[in-house]
Amino acid sequence: METQSGHLKRIDELHASYLAFQYPLLFPFGEDGYRHDVCHRVRADSQNRKRNRLTVREWMSFRLQTRRNEAQTLLHSRRLFHQFLVDAYTMVESERLSFIKKNQSKLRVDKYRNLNVSQTNDQSQG
């Protein structure tokens, strides 16, 4: 994507327009792809959920399903579909890695590290 200054700009894999720019044959109308602010439908059991936002994995699962009243352009595009699946996988993994990076304190990684050090000390002594 080019900015107004004339310099190229990298688009993040999780940007809403990423798939439309990367696959103009699959998304000819430039429709948005995954958005991080999409909420799940409100249901009676949704009050107890820890997570109320849609993940990339859930969105990709929705896009890859076959439906009667929709065109099957994505599923019938052969090699382009394979490339789309590779990009979908990288998008899912990118979201997972960013979650881990942003939630280090909640994941208590330092405590697991201390546990690992403790176990190695016990094994070397015993």
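The values are calculated or read from the model by the stated rules, or taken from the named source; none is laboratory data. In this text, all values refer to a predicted model and were calculated from it rather than measured experimentally. Note: ideal-geometry Cβ built from the backbone for every residue, glycine included; neighbour counts use all protein chains shown.
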Scan the range 53-96 for residues that are among the hydrophobic types (A, V, I, L, M, F, W, C), modelled with pLDDT under 90, loosely packed, with under 13 Cβ neighbours inside 10 Å and farther than 26 Å from residue 42 by Cβ and jot them down. 71
Any residue at all in the range 95-103 that's at positive phi and either part of a loop (DSSP other than H, G, I, E, B) or touching a helix residue (DSSP H, G or I) at 6+ places or on another chain (Cβ under 6 Å) (or both)? no
Surrounded by fewer than 10 Cβ atoms within 10 Å (Cβ to Cβ), in a helix (DSSP H, G or I) and at pLDDT 80 or above, is that true of residue 111? no
Pair list, Cβ < 8 Å and 6+ apart or interchain, from the range 29-41 residues that are over 9 Å from residue 16 (Cβ atoms) to residues that are among the aliphatic types (A, V, I, L, M) and at pLDDT 75 or above: 30/20; 31/20; 38/54; 39/54; 40/54
